[in-house]
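Please read the structure below before turning to the comments.
The values are calculated or read from the model by the stated rules, or taken from the named source; none is laboratory data. These numbers were taken from a predicted model, which means no experiment stands behind them. Note that each Cβ is placed from the backbone with ideal geometry, even for glycine, and that neighbours are counted across all protein chains shown. The area values use the complete protein model at the heavy-atom level, side chains included, leaving out ligands, DNA and RNA. Shrake-Rupley method; radii C 1.70, N 1.55, O 1.52, S 1.80 Å.
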Amino acid sequence: MSDEPALRADAQKNRELILSAAEALFLEKGADVPLEEVAKRAGVGIGTLYRRFPTREALLAATSNERFMALAETSRTRGPDLAPGNAVRVYLEDLARNTSIYQSLAASIGTVIQCGTPGCNAITAEGHRLLQLGKEAGTIRPDVTYDDLIYVTTAISIAIDNDRSSTSRIGHLVDLFMNGVSVKASN
């Protein structure tokens with residue numbers, strides 16, 4: 001249940017038009033497409049867009065909402081099948097892949113996931129949960145924070161943004177990070 005009041009039918013229609021136009025343009029041209037272009041494609045004024053989505057990040061969060069919800073749900077359901085350290089690794093790979101869907105989203109992902117949409121809240125909560133499980137299991141260093149995971153996701157996603165052909169390297173880049181935060185077995 002949402003704390004937001006229900007939208008009038010015309011306002012809901014405008015919101016859906018904006019989200020549809022934004023999704024299409026973000027996929028075509030990247031997350032930094034002018035918002036005026038989004039409003040034009042949606043057939044609404046720029047004021048209408050800003051009333052619904054006061055910032056670019058809020059619009060990006062809304063267009064990513066369902067993907068983020070699915071990422072969190074998938075992570076929760078696979079959780080018992082993975083060791084805690086591996087669960088963090090897979091979460092990072094999934095988040096980096098989702099962040100790489102729109103060209104140029106990487107630079108603002110840290111702000112986007114703080115927008116408070118259900119999807120943003122879900123992936124944040126799941127990341128915190130997995131990180132805590134990894135720490136409790138002794139497979140993740142105690143000084144690693146959720147912000148560290150977001151910084152790494154941002155770095156990996158920016159690397160992918162710069163070379164779109166390297167999306168297959170996401171797993172390798174996550175492995176490089178994980179080897180730096182994993183607790184080393186003593187000899």
In the range 45-59, is there at least one residue being open to solvent by less than 10 Å² (accessible area, probe 1.4 Å), in contact (Cβ under 8 Å) with a residue 40 or more places away in the chain and either under 16 Å from residue 106 (Cβ atoms) or not in a loop (DSSP other than H, G, I, E, B) (or both)?
-> yes
If you take the residues in the range 61-85 that are closer than 14 Å to residue 123 by Cα and hydrophobic (A, V, I, L, M, F, W, C), which one is most open to solvent (accessible area, probe 1.4 Å)?
-> 69
So which residues in the range 134-148 are open to solvent by less than 80 Å² (accessible area, probe 1.4 Å) and in contact with a helix residue (DSSP H, G or I) (Cβ under 6 Å, 6 or more places away or on another chain), if there are any at all?
-> 134, 137, 139, 140, 144, 146
Looking at residue 151, is it open to solvent by 60 Å² or more (accessible area, probe 1.4 Å), part of a helix (DSSP H, G or I) and either touching a residue at least 12 places away in the same chain (Cβ under 8 Å) or not β-branched (Val, Ile, Thr) (or both)?
-> yes
